[in-house]
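These notes concern the structure reproduced below.
The values are calculated or read from the model by the stated rules, or taken from the named source; none is laboratory data. Just so it is clear, the structure is predicted and the values come from calculations on it, not from any experiment. Neighbour counts run over all protein chains shown; Cβ positions are idealised from the backbone, glycine included. To get the accessible areas, we keep the full protein, side chains included, count just its heavy atoms, and leave off ligands, DNA and RNA. Shrake-Rupley method; radii C 1.70, N 1.55, O 1.52, S 1.80 Å.
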Amino acid sequence: VPENVSYEVAASIPLAYATAHRMMVTRAKVCPDDTVLVLGASGGVGTASVLIARMVGARIIACASSAEKLNRLSDLGADLLVNYVESDMREAVWDLVGKPRLGSRAGGVDLVVNCTGGGTWIDSTRCMKAGARLVTCGATAGFEEQIDLRYVWSYEHNLLGSNGWRRGDIVAMLDYAAAGTLTPVIDKVLPLEDAREAERLMEEREVFGKIVLAP
């Protein structure tokens, strides 16, 4: 751990942030010209994905379940916001960036970050322009998905899996933190004896970013 990186920041990196780095940089190769749609953007991997997309200069559409979370995502650099409780995610994205159409690169997004599962893949792929990528590292809302393959082959979509992280992803994130380029979002630092409360906060989605348990 670099000397100017705290233990709390370092503890936040190996799971969510290194995982997001592998998804966004190593696998999906996010670039400045991308429009990136992040589902579950207020969680640990979600906020990390938003910060990485902002770091490279991409345009970000962040999805979350409350106005408070969306306001905080805007502060992190999200350009466009979708409250998926109040509106249909697919329709909201179409309203923001246009509906994808064959024969044109107008409309739709270049990259979808979907770690939620839970029946969101059909809507996710319907938001993707021709040649777009979808990357996933998990399925917090359920792993049994449906997908309309007609859009996958017609739009030549790229569906990418990303399994955790490698040492290089952790090293890269520690370097970013040391340089002040990207600092993990820590919602709370709790004593180890409050692990039960930390679990409750995560299960009830009362967290924005990471919870750190300090021994």
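Once fully extended, how much extra length lies between A195 and L213, figured as 0.36 nm per residue of separation less the alpha-carbon to alpha-carbon distance?
5.8 nm
Where does helix 167-179 land angle-wise versus the long Cα axis of the chain, in degrees 0 to 90, nearest 10?
The angle comes out near 70 degrees.
Of the accessible area of the chain, with the probe set at 1.4 angstrom, what percent is carbon plus sulfur?
50 percent
Just flag the trypsin sites (Lys or Arg not before Pro) in the range 10-109 sitting in loop per DSSP whose Cβ has no more than 12 other Cβ atoms within 10 Å.
Counting only loop positions with at most 12 other Cβ atoms within 10 Å, the trypsin sites (Lys or Arg not before Pro) in the range 10-109 are R105.
DSSP loop (so not H, G, I, E, B), at most 13 other Cβ within 10 Å: list which trypsin sites (Lys or Arg not before Pro) in the range 161-215 pass both filters.
R166
Which of the chymotrypsin sites (Phe, Trp or Tyr not before Pro) found in the range 88-176 are loop residues per DSSP with 10 or fewer other Cβ atoms within 10 Å of their Cβ?
F143
Can you spot the lysines whose alpha carbon is less than 29 Å from K99's alpha carbon? Ignore those fewer than 8 places along the same chain.
K99 reaches K29, K69, K129.
State, as an integer percentage, the relative contact order of the chain based on alpha-carbon contacts under 8 Å between residues 6 or more apart.
Normalised by residue count, the contact order of the chain is 24 percent.
Give the calculated FRET efficiency between A130 and T183 to the nearest 0.05, with a Förster radius of 41 Å applied to their Cβ-Cβ distance.
0.70
So, in nm, how far is label D75 from label N163 when the simple model puts each one 7 Å beyond its Cα toward the Cβ?
Taking the simple label geometry, D75 and N163 are separated by 3.8 nm.
Give me the percent relative contact order of the range 56-172, please, defined on Cα pairs under 8 angstrom at least 6 residues apart.
Relative CO of the range 56-172 lands at 18 percent.
How far, in nm, would the chain grow between I122 and S65 when pulled straight, counting 0.36 nm per residue and subtracting the alpha carbon separation?
Extra length from I122 to S65 when fully extended: 18.6 nm.
What is the Rg over Rh value, at two decimals, for the chain, using alpha-carbon atoms and the Kirkwood definition of Rh?
0.97
What does the accessible area per residue of the chain come to in Å², with a 1.4 Å probe and no ligands, DNA or RNA counted?
Here the residues of the chain average 49 Å² of exposed surface.
Suppose only helical runs count, i.e. DSSP H with n ≥ 4. What mean residue ellipticity at 222 nm does that imply for the chain under -39500 (n - 2.57) per run, divided by all residues and rounded to the nearest 500 deg cm²/dmol?
Result for the chain: -9500 deg cm²/dmol, rounded to the nearest 500.
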